[in-house]
Every structure is written in structure tokens, then in C-alpha cells.
Ligand SMILES: Nc1ncnc2c1ncn2[C@@H]1O[C@H](COP(=O)(O)OP(=O)(O)O)[C@@H](O)[C@H]1O
Ligand SMILES: [Mg+2]
């Protein structure tokens, strides 16, 4: 065909315009050119295909993730649409399939139990969620803690250890025997055949180290430490205080091994008197609940109680009965040896020059640990006021005078410990 083809026609055919001079040569070069163009086209199409393939893979993965998200949202919508469950308490278990529940409005029903719930968690007394129509037990709920009670659990351990409590060696020993030993090696008590004490009561004048000692215990054991001040348990509404005590003990049992520290227990533990006001009666109910809890729990439940008070004289005798606070540990005003130890402890971290402890100790008869600490702080303040970098004997003598004066005025009797910490 090429033989008969007319140059001009060919030129038109391949879309080339312009004069064609040498037909054969021209024909050859234009074919080559066309080939080149086609090759280029082919290559660019190939690239485009690759791009499209990539894009498709990308789109497919996007679809997959969107589908997953849609599923999740669907599920969320479904759970938001699901009817509410009624909260109640399981009262009794009849057999494997049925139980008796009390719904939140007080009515009692015999209902079906969810077979997938393990019998271990389905115990009388637990809080459960019930189906709205059939009241069947759907799930077991966590017990509700009063935020004040759950907030009492100490998460950060105090930095105080037994070395920060000066003197009081015998008391430290007793506390450790009564609290730490039963928690750490209960087998010892089993072997000897005695029941470990349930709790101890620390009594003594203010500022002599009761709270300090309890903090040292908290620092030293692995047990959960729950601290509650008596006045927090004295509540305004009827039944509130009792409920808090109950929750305090069930929290302690759940977190066992644990130690409950009831500071300033006289706020609720004061003697029950006749003819008291309704506020007093509420406090007495709280005390009764505390006594019931103390009696109720088993010694082996790994819950120990430390209580502290400045006023053992006004405590109800029922609290002091054996089986409740089995041990009363007295933390007295420090004697000469004790004062020396406390001074040594606090002076240890101070920059002092030529201090002779004997006259200082002799001059501070009757000082509590808190007053001794205040004396040291005051001596430091005197040195600072005189722009001295160290504390001298005279500073201490002056500071003892000042603290004595405050003592006479009654200013330091009930100083909160936070002032010194
Ligand atoms: N034996 C002691 N050793 C060292 N510091 C003590 C001692 N007793 C009291 N203190 C000081 O007094 C402060 C108050 O003591 P604290 O234990 O709170 O008294 P309370 O017996 O009233 O609970 C403590 O923070 C500590 O600085
Ligand atoms: Mg205290």
C-alpha cells in the first residue's frame, strides 16, 4: 500500500502538515516519531493505571475503616436506646435460677437470675441491675461508696516513718505487734492459738505523736490505709453517719488488707447521755453503728483499726470493752529522755552551733512533742530575724521563754498539726 500512497495524503493521514520533500525518508522518520509518541502515551497511561490502582486500594481501606466506625456508632446508638435497668438489692438466692430481690422502691420480687453471672458474685446483699419488665437480674453492680468515704483512702503514703517518731519506743513496739504483725504474719497467731487484736486505741494529750505514729504505720505497711477524722463522721442528717461507718468498713474489707485510722474519735465516741438533743442522738447512732461493725467483722478479715483521742475520759465504756479496741496504748507527755530524743530529731535538720541539750531539755518539762517542734521553729525564726545562718543556745533559751508564755496564755494547747508540717 505504501507504494501507491501519495505523500500528501499520508501527511494528512498522520496529521502532519507542511511540505513534504523527500517522501521515503519522510515516511520513515514520521513513523518513528509516531512510535515514540505512542510509546510515551503508553507509558503515561501505565503510570496513570498504577496511580488509579493505588487510589483504589486507599479508598478500599478507607471504606473498611468507615464501616468499622459506622458499626461502632450503631452500637453506641443501640446502647443509648436500650431501656434503663432498675437498681435493686439481692436479698436471697432460692436456687440456681431464681432469687429474691428488693427493687429500689422497696417491693420484693422473686425473679430469674442471669445464668451467665458466676454464683460467687451473686451473694445476698449485693447491688444488682434488674430488667425493667421481668425484673430479672441482669448484672451485679459495684457497691456505691460515699465520696467522703472513698476519699478517705490514702493513695499517697505519708513520708513519715518510725524514725520520725522520737522516743515512744515501747509504744512503737506495741503498735507494730498489734497492727503490723497480724497483717504480715497471721500464721504466728494461728500457731499460738490466740486471736490477734482487732484494733488499738491511742490515747494521750494533744501534740504527743498519736497521729504521727499512725502515719508511720501507714508508711510502713503495704496495707491500704483509710483515714477518717471523727468529726467527719458526725453528720447532720439522720442515718448518714451510720451509713458512712458501714461504708467505711465495707471499703476496708474490699481493699483488705487494710488499716482504718479513726482520728479524734471522741467526736463520735463520747459517752451516751440521757436527755440529749437530736444532734447528739445522731452522733450516738453513729457510735452504735461503729460498735456493731467492730463486733461484726471477723478478726481474720485483715482489717485493723487504729483510733486516737485526746479525751479517753469522755469515751463511751462500750468502745473500750475487750473485743473492740483490745489495746489501749498511752502516748504520754514526753519525759526527759523522750524530750531529748524529740529535740535531737528536730535539731538534726537545723544548722546549729555549740548546742548543749541538757539545759534545754531541763527547761522544757511538760512540753509536748508539738511544743518541742514549735520551740525549734521559733529558735530558727529568732536566728533568721538577726540575719544569722545558724542557731545558738541563746536562741533556744529565748524561744523556750516565748513558747512557755504562749502555753500560759493557752495559745498552743490545740494548735493544729498542719501549722507545724
Ligand atoms: N514523738 C515525737 N517525735 C517527733 N515529733 C513529734 C513527736 N510528737 C509530736 N511531734 C511533733 O508534733 C506534731 C503533732 O503531733 P501529732 O502526732 O499530730 O499529735 P497528736 O498526738 O495530737 O495527734 C507532729 O507533726 C510532730 O512534728
Ligand atoms: Mg492528732
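Derivation of every value follows stated rules applied to the coordinates shown; laboratory data play no part. Since we're looking at a predicted model, the values are computed, not measured. Cβ: placed from backbone, ideal geometry, glycine included. Neighbour counts: every protein chain shown.
Once the Cβ-Cβ distance of residue 63 and residue 97 is raised to the sixth power relative to R0 = 45 Å, the FRET efficiency obtained is 0.45. Between residue 377 and residue 192, the contour length at 0.36 nm per residue exceeds the Cα-Cα span by 61.8 nm. Overall, the anisotropy analysis places segment 165-273 in the oblate class: the square-rooted eigenvalues a ≥ b ≥ c of its C-alpha gyration tensor yield a/c not less than 1.5, with a/b not exceeding b/c.
For residue 48 and residue 33, the difference between the fully extended length at 0.36 nm per residue and the C-alpha to C-alpha distance is 3.2 nm. If you average the alpha carbon positions of segment 80-119 and of segment 196-271, how far apart do those two centres end up, in angstrom? Cα centroid to Cα centroid, the span is 34 Å.
Say R0 is 22 Å: what FRET efficiency, to the nearest 0.05, do residue 363 and residue 384 get from their beta-carbon distance? It comes out at approximately 0.50. Once the chain from residue 169 to residue 70 is taken as fully extended at 0.36 nm per residue, the excess over their C-alpha distance is 28.9 nm. Here each label is just a point 7 Å from Cα along the line to Cβ, and for residue 317 and residue 344 those points are 4.3 nm apart. The separation of segment 355-375 from segment 300-333, counted between C-alpha centres, amounts to 29 Å. Between residue 55 and residue 335, the distance separating the two model label sites (each 7 Å from Cα on the Cα→Cβ line) works out to 9.6 nm. When every alpha-carbon pair in segment 86-141 is counted, what percent end up more than 15 Å apart? Summing the P(r) of segment 86-141 above 15 Å gives 30 percent of all pairs. A Förster radius of 30 Å, combined with the Cβ-Cβ distance separating residue 327 from residue 123, puts the computed FRET efficiency at roughly 0.35. The packing ranking, built from the mean of other Cβ atoms within 10 Å per residue, places the peptides 160-168, 31-39, 387-395, 305-313 in the order 305-313, 160-168, 387-395, 31-39, highest first. Highest mean packing comes first when the peptides 44-53, 330-339, 253-262, 199-208 are listed by Cβ atoms within 10 Å, giving 199-208, 253-262, 330-339, 44-53.
I need to check one value: relative contact order of segment 86-141, counting alpha carbon pairs closer than 8 Å and at least 6 residues apart, in percent. The value is 36 percent.
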